[in-house]
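Encoded as structure tokens, the structure appears first; notes follow it.
The values are calculated or read from the model by the stated rules, or taken from the named source; none is laboratory data. Everything quoted here is computed from the prediction, not taken from an experiment. With ideal geometry, Cβ positions are generated from the backbone for all residues, glycine too; neighbour counts draw on all protein chains shown.
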């Protein structure tokens, strides 16, 4: 498969000259100790922090599109999601369009009427993922997307991600879960002191 996401010489404080390619339909999993730079890398690719380097999506340079346009196509789901309105449904332009994913991830349809303050950590994680998937990004940048979930729900999330990969999306997955990295990854990397080290391919 052709490369969908191409990152060349990406640099910022805490990262040293990252080069990585992710093909359409591929998942790269990045493991490593806390503080090694994994989240910094995802945030840099999403252009949320100052950084330098060439990042391209399907041949399109990040420098040639606005930040909001880029982040619609390269969807970032942080470990701790942001919520800027009081009610869950206010974060979803079309709540009906995500009803199927809510059911699959064991969230009741009525959660759209819940206040954000009511949500548990795991519920916030699932809803943040659904919120991003609803935008149909070509690339998903996922930072510990299942860390607060039980094993059954974790596998449900992974099943949805495998479907997105089969449809031609690409995934960059940061996880402390070595077993999850083995289940999901086409290519595995380990981050250490801001450097990305190739570990192997599936």
In the range 173-193, what residues are surrounded by fewer than 19 Cβ atoms within 10 Å (Cβ to Cβ), over 21 Å from residue 25 (Cα atoms) and over 16 Å from the mean Cα position of the chain (by Cα)? 192, 193
Identify all residues within the range 43-52 that are within 14 Å of the chain's Cα centre (by Cα) and not in a helix (DSSP H, G or I); write none if there are none. 46, 47, 48
Go through the range 1-25 and give me each residue that's touching a residue at least 40 places away in the same chain (Cβ under 8 Å), assigned to a loop (DSSP other than H, G, I, E, B) and within 13 Å of residue 53 (Cα to Cα). none
Could you tell me which of the residues 101, 107 is in a loop (DSSP other than H, G, I, E, B) and at pLDDT 95 or above? 107
Restricting the range 53-87 to residues that are within 17 Å of the chain's Cα centre (by Cα) and assigned to a strand (DSSP E or B), the one surrounded by the fewest Cβ atoms within 10 Å (Cβ to Cβ) turns out to be 56
Can you tell me how many residues within the range 26-47 are under 12 Å from residue 141 (Cα atoms) and either touching a residue at least 60 places away in the same chain (Cβ under 8 Å) or surrounded by fewer than 21 Cβ atoms within 10 Å (Cβ to Cβ) (or both)? 13
Residues 190, 131: which one is touching a helix residue (DSSP H, G or I) at 6+ places or on another chain (Cβ under 8 Å) and within 20 Å of residue 79 (Cβ to Cβ)? 131
If you go through 93, 145, the only one that is in a loop (DSSP other than H, G, I, E, B), in contact with a strand residue (DSSP E or B) (Cβ under 9 Å, 6 or more places away or on another chain) and either closer than 25 Å to residue 62 by Cβ or touching a residue at least 60 places away in the same chain (Cβ under 8 Å) (or both) is 145
Consider residue 21 against the criteria (1) surrounded by 14 or more Cβ atoms within 10 Å (Cβ to Cβ); (2) out of contact with any strand residue (DSSP E or B) (no Cβ under 6 Å at 6 or more places or on another chain); (3) under 23 Å from residue 165 (Cα atoms): it satisfies all of them except one. Which criterion is unmet? (2)
